[in-house]
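Q: Take a look at this one; I'll ask things after.
The values are calculated or read from the model by the stated rules, or taken from the named source; none is laboratory data. Everything numeric in this text was worked out from a predicted model, so none of it was measured. Reconstructed Cβ throughout: ideal geometry from the backbone, glycine too, with neighbour counts over all protein chains shown. Areas reflect the complete protein model, heavy atoms only, side chains present, ligands, DNA and RNA absent. Shrake-Rupley method; radii C 1.70, N 1.55, O 1.52, S 1.80 Å.
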Amino acid sequence: MRIGILNSGGDCPGLNAVIHGVVGAAAQLGCEVIGFRDGFEGMLPPGDYVILRPQDTIGILKLGGTILGSTNKGHFGAKIEKGEVSEVPSDIIAKAKKTMDSLGIGALIIVGGDGSLTTGLQLFRNGWPIIGVPKTIDNDLSATAFTFGFDSAVSTVVDALDRLHTTGESHKRVMVLEVMGRHAGWIALWGGIAGGSHVILIPEIPFSFEKIAAFIKRREAQGYHSTLVVVAEGALMPEGEMVTLGTSGEGEIRLGGIGERVALRIQEATGKDTRACTLGHLQRGGSPTALDRILGMRFGVMAVRLAVDGNFGRMVSYQAYHVDSVPIEEAVHQLRLVSPESELVVAAKAVGICFGD
Ligand code: F6P
């Protein structure tokens, strides 16, 4: 059997671990792997691909990014923004199908987020042998408890908070760190708790500056003169505004800028010197953590098993310490958000973390 694999959408640490898992498992089963370059774009005639043998993947487990490259949207963009779905044109699908057929690909593994898996679902409904592998640092895909890349992003947040902590203490400042995550607060929540943040602001919990200022003033009165604040890029300002940086070349809303806005308002409300820092794409780059390497590898192995068993239209999923799979259609178009009543939020509140609510 010939198995195709491509990485689509934004990159994240652990993509190479998936490739490592796919190539290793495929070789054991006597299958050949074709890696398409730059996502779906590599499938357009004449085809931009490479044969991947185990010896071609030596040392990639520890590498960030993807050896295959990726494309955000391109000719195959299926989803523009929350809830708004646009289909891939049929002539583009037909062209890519020619490449599939000429290479004799019997299964295509798509490693991508919600948008890329939506494209995968469309292709599956057109009769393609599709298998999905969920990927995003945001950890916001339903039907999987974790996506690889998330743990690495959280580690980067923790490292940044450790650094902001010492400079904040030296200058008795409020330090605000803006982190990624789009419309979900997972990165802010996990990174904030692990990094010792005192205030965590996420899209799922409306906040007010009065509450945050009162909390900071209480800390002052108790003798704590520095406060660490983590704000998710998708958190809404109390007036309901989502802070954006316009749209990307692909027409998608770019979130960002809330860190500076929050810092300004906290300074106004408390009179304390406040600084903001935006972590940005540092969260997407660099080596994957051990956990993401292992999760990525396991996802790759499961994807090959699904391919060999002819179990198409399914997405690899992680649930309760176990890697399994679910129908792709159950996994897309539904964000997995932080529940304000979840045990994690309750625990964070129990140790005194303020969510501004
Ligand atoms: O979905 C992953 C993510 O890193 C989000 O957290 C962030 O909002 C977005 O992608 C940034 O996308 P881009 O790389 O296109 O700026």
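Q: Per residue, how large is the accessible surface of the chain? Use a 1.4 angstrom probe and give square angstrom. Walk me through the intermediate numbers first.
A: Values: 14590 Å² over 357 residues.
Spelled out: the 1.4 Å probe surface of the chain, per residue, equals 41 Å².
Q: Using only helices, what value at 222 nm comes out for the chain when you add -39,500 (n - 2.57) per DSSP H run of length 4 or more and divide by the total residues, to the nearest 500 deg cm²/dmol? Don't jump to the answer; show the numbers that get you there.
A: On the way: 10 runs with 128 residues, N = 357.
Rounded to the nearest 500, it is -11500 deg cm²/dmol.
Q: Just want the answer: with Cβ charges of +1 for Lys and Arg and -1 for Asp and Glu, which residue in P206, G168, W186 is farthest toward the dipole's positive end in region 157-208?
A: Value: G168.
Q: Per the 1.4 Å probe, what fraction of the accessible area of the chain, in percent, lies on carbon and sulfur atoms? Let's see the in-between values first.
A: Details: 7710 of 14590 Å².
Ligands and nucleic acids excluded, carbon and sulfur reach 53 percent.
Q: Which of these, G181, G104, G149, has the largest mean-square fluctuation under a Gaussian network model of the chain (Cα springs below 10 Å)?
A: Per the Cα network of the chain with a 10 Å cutoff, G104 tops the list.
Q: Something else about it: Run the paramagnetic zone check for R261: 7 angstrom along Cα to Cβ, then residues of region 170-184 with backbone nitrogen under 20 Å.
A: Only 175-184 pass the distance filter.
Q: Which value, in debye to the nearest 20, gives the size of the charge dipole of the chain about its Cα centre, when Lys and Arg are +1 and Asp and Glu are -1 at the Cβ?
A: Values: 32 positive and 38 negative charges, 109 e Å.
Computed charge dipole of the chain: roughly 520 debye.
Q: Springs between alpha-carbon atoms under 10 Å, Gaussian network over the chain: tell me which of V326, V133, V231 tops the mean-square fluctuations.
A: V326
Q: I would also like to ask the following. Where does each of 282-289, 115-122, 165-172 land if you order them by average Cβ count within 10 Å, highest first? Intermediate values should be presented prior to the final figure.
A: Numbers: 282-289: 19.1, 115-122: 26.1, 165-172: 13.6.
Going from most to least packed, we get 115-122, 282-289, 165-172.
Q: For the chain, what does the convex hull of the Cα positions come to per residue, in cubic angstrom? Kindly include the intermediate steps, with their values, before the conclusion.
A: Working: hull volume 43.3 nm³, N = 357.
Each residue corresponds to 121 Å³ of Cα convex hull volume.
Q: Let me ask you something else. Which of the pairs K172/K349; K62/K349; K272/K349; K62/K97; K73/K97; K73/K98 have their Cα atoms more than 27 Å apart in this structure? It would help to have the intermediate numbers written out before the result.
A: Working: K172/K349 23 Å; K62/K349 36 Å; K272/K349 24 Å; K62/K97 33 Å; K73/K97 18 Å; K73/K98 20 Å.
Correct reply: K62/K349; K62/K97.
Q: Sticking with this one: What distance in nm separates the two pseudo spin-label positions at N311 and D101, each 7 Å out from Cα along the beta-carbon direction?
A: 3.0
Q: R0 = 41 Å: FRET efficiency of T166 with S86, Cβ-based, nearest 0.05?
A: Working: r = 47 Å, r/R0 = 1.15.
The computed FRET efficiency comes out at 0.30.
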